[in-house]
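Only one structure is covered here, and it is reproduced in the block below.
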Amino acid sequence: MPQAARWRVTRVLASLLSAALAAAAAGCASTKPYTESVSALMVSSDSKTFAVLGPKYHYLFEMPPAMAQSLTSDFRTRLTAVVLRDFHVGAGGHAWGYVRLQLTDDATDRDRQQAYAMHYQTTKEGLVYYTFHLEGKRYVAQLGTPSPAQAGLGRQTVLDKPYLITVQDSQGSAEAMKLLSPVTFLAGTGFVVANPAVVLFALPVAGLKP
């Protein structure tokens, strides 16, 4: 190959490499982590939605059947919730993450048997747990919507300390602001999810620890 041709090939390869590196850097830079402070966990009256209402964003996840069973079971007050890894938000506001429910040390044998019947597992150390993959959407809270604490939820349904969740955000900010939350607060009723109107109830979180 003539020297001039070799130089042209070298320049093309160098340009392609530079473009690839720039794209990779841009991809990394487009993901911005932030911390969400949560004071309450909520479920819908139809047991289909697991809701996390933050000060700025609302996260509405599809409720896995086993989670719905756990949160209405006899051992619900002897559960702790653990966010195993960061939550993620991508294009279209699609949100996902992993949450583990596990029995506390004061759980009874009856609690364990009920949990096993719901397909809970056990570690070598004897920890009884179930890991849930949650998927849903993130929305911007509507202006004037109070937090669960501001709405006057009872002490038994609000965490003693805010639960801090790290969110990896790769959704464009302009797109994110277009997704207004369907959750509103109605005096005398509480939090509802519009279309259709479904009431959100705060969980009895005596056993859910930050």
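The values are calculated or read from the model by the stated rules, or taken from the named source; none is laboratory data. All of these numbers come straight from a predicted model, not from anything done at the bench. Positions of Cβ are generated from backbone atoms using ideal geometry, with glycine treated the same way; all protein chains shown enter the neighbour counts.
Quick check: anything in the stretch 173-188 among the small types (Gly, Ala, Ser), under 18 Å from the mean Cα position of the chain (by Cα) and either modelled with pLDDT under 85 or crowded, with 18+ Cβ neighbours inside 10 Å (or both)? Don't jump to the end; show me each part of the working.
Looking only at the stretch 173-188, we keep the residues that are among the small types (Gly, Ala, Ser), and these are 173-174, 176, 181, 187-188.
Adding the requirement that they be under 18 Å from the mean Cα position of the chain (by Cα) leaves 176, 181.
Imposing the further condition that a residue be either modelled with pLDDT under 85 or crowded, with 18+ Cβ neighbours inside 10 Å (or both) reduces the set to 176, 181.
So far as the stretch 173-188 goes, yes, one or more of its residues are among the small types (Gly, Ala, Ser), under 18 Å from the mean Cα position of the chain (by Cα) and either modelled with pLDDT under 85 or crowded, with 18+ Cβ neighbours inside 10 Å (or both).
Considering the stretch 94-117 alone, what residues qualify as being surrounded by fewer than 16 Cβ atoms within 10 Å (Cβ to Cβ) and among the aliphatic types (A, V, I, L, M)?
Within the stretch 94-117, just Ala117 meets the criteria.
Pull up the stretch 47-74, narrow it to residues that are farther than 25 Å from Pro146 by Cβ and polar (S, T, N, Q), then point me to the one that is surrounded by the fewest Cβ atoms within 10 Å (Cβ to Cβ).
Looking at the filtered set, the residue picked out is Thr72.
Restricting attention to the stretch 38-45, does a residue exist that is outside any strand (DSSP E or B), loosely packed, with under 15 Cβ neighbours inside 10 Å and in contact (Cβ under 8 Å) with a residue 12 or more places away in the chain? Give the derivation first.
As a first pass, look at the stretch 38-45 and keep what is outside any strand (DSSP E or B): 39-40, 45.
From what's left, loosely packed, with under 15 Cβ neighbours inside 10 Å: 45.
Imposing the further condition that a residue be in contact (Cβ under 8 Å) with a residue 12 or more places away in the chain reduces the set to 45.
Checking the stretch 38-45: at least one residue is outside any strand (DSSP E or B), loosely packed, with under 15 Cβ neighbours inside 10 Å and in contact (Cβ under 8 Å) with a residue 12 or more places away in the chain.
Which count do you get for residues in the stretch 99-139 that are charged (D, E, K, R), outside any helix (DSSP H, G or I) and touching a strand residue (DSSP E or B) at 6+ places or on another chain (Cβ under 9 Å)? Reasoning before the result, please.
Restricting attention to the stretch 99-139, the residues satisfying the condition of being charged (D, E, K, R) are 100, 105-106, 109-112, 124-125, 135, 137-138.
Retained after the next criterion (residues that are outside any helix (DSSP H, G or I)): 100, 105-106, 124-125, 135, 137-138.
If we keep only those that are touching a strand residue (DSSP E or B) at 6+ places or on another chain (Cβ under 9 Å) as well, we get 100, 135, 137-138.
Number satisfying all stated conditions: 4.
Could you tell me whether any residue of the stretch 62-81 is assigned to a strand (DSSP E or B), within 30 Å of Ala115 (Cα to Cα) and modelled with pLDDT under 85? Reasoning before the result, please.
Narrowing the stretch 62-81 to residues assigned to a strand (DSSP E or B): 62, 79-81.
Narrowing the set further to residues that are within 30 Å of Ala115 (Cα to Cα) leaves 62, 79-81.
After this cut, where a residue has to be modelled with pLDDT under 85 as well, the list is 80-81.
The answer is yes, given that some residue of the stretch 62-81 is assigned to a strand (DSSP E or B), within 30 Å of Ala115 (Cα to Cα) and modelled with pLDDT under 85.
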